[in-house]
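The values are calculated or read from the model by the stated rules, or taken from the named source; none is laboratory data. These numbers come from a predicted model, not from an experiment. Please note: Cβ atoms are built from the backbone with ideal geometry, for glycine as well, and neighbour counts cover all protein chains shown. Just so you know, the surface numbers come from the protein's heavy atoms only, side chains and all, with ligands and any DNA or RNA stripped out. Shrake-Rupley method; radii C 1.70, N 1.55, O 1.52, S 1.80 Å.
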Amino acid sequence: MRVQYDAKHRFAAGFDPDTGVYYRTNTRDILGQDTGCDPFMASFPHFLDVGIMGYCTHGLSGRCREAGINCYLDGEAEYQDNMSLEEFGQL
């Protein structure tokens, strides 16, 4: 398992690429004691978001807007082919 400590935001995060297990600790105070607070942000990215969907049917239909949220994929404006299995395998 690979573990990294974020000194700026005072928490640790770990990921096991063999099992997919991910964890992160609560933030720590200046003495290293658990604050009980979930870390809100990090100094480094924990995951890479690979977009395999080229469009969002809910965004295209206007359901995201009707629900009062912004579509994650900019679904009202964006339409592309989904990533093929072959393309995904080349990542």
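Below is a table of values for the structure above.
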quantity: Restricting segment 3-17 to residues that are at pLDDT 90 or above and not hydrophobic (A, V, I, L, M, F, W, C), the residue that is nearest to the chain's Cα centre (by Cα); calculated: Gly14
quantity: Cross-chain or 6+ apart pairs with Cβ under 9 Å, segment 3-24 first and over 17 Å from Gly36 (Cα atoms) and in contact (Cβ under 8 Å) with a residue 12 or more places away in the chain, then loosely packed, with under 15 Cβ neighbours inside 10 Å and of a type in the set (Lys, Arg); calculated: Gly14/Arg2; Phe15/Arg2; Asp16/Arg2; Pro17/Arg2
quantity: Conditions (1) loosely packed, with under 12 Cβ neighbours inside 10 Å; (2) in a helix (DSSP H, G or I); (3) of a type in the set (A, V, I, L, M, F, W, C): number failed by Val50; calculated: (2)
quantity: Filtered residues of segment 81-91 (kept if open to solvent by 100 Å² or more (accessible area, probe 1.4 Å) and within 16 Å of Asp49 (Cβ to Cβ)); calculated: Phe88, Leu91
quantity: Qualifying residue in segment 29-41 (condition: at pLDDT below 90 and of a type in the set (Ser, Thr, Tyr)); calculated: no
quantity: Residue match in segment 53-70 (condition: open to solvent by 70 Å² or more (accessible area, probe 1.4 Å), modelled with pLDDT of 90 or more, β-branched (Val, Ile, Thr) and not in a helix (DSSP H, G or I)); calculated: no
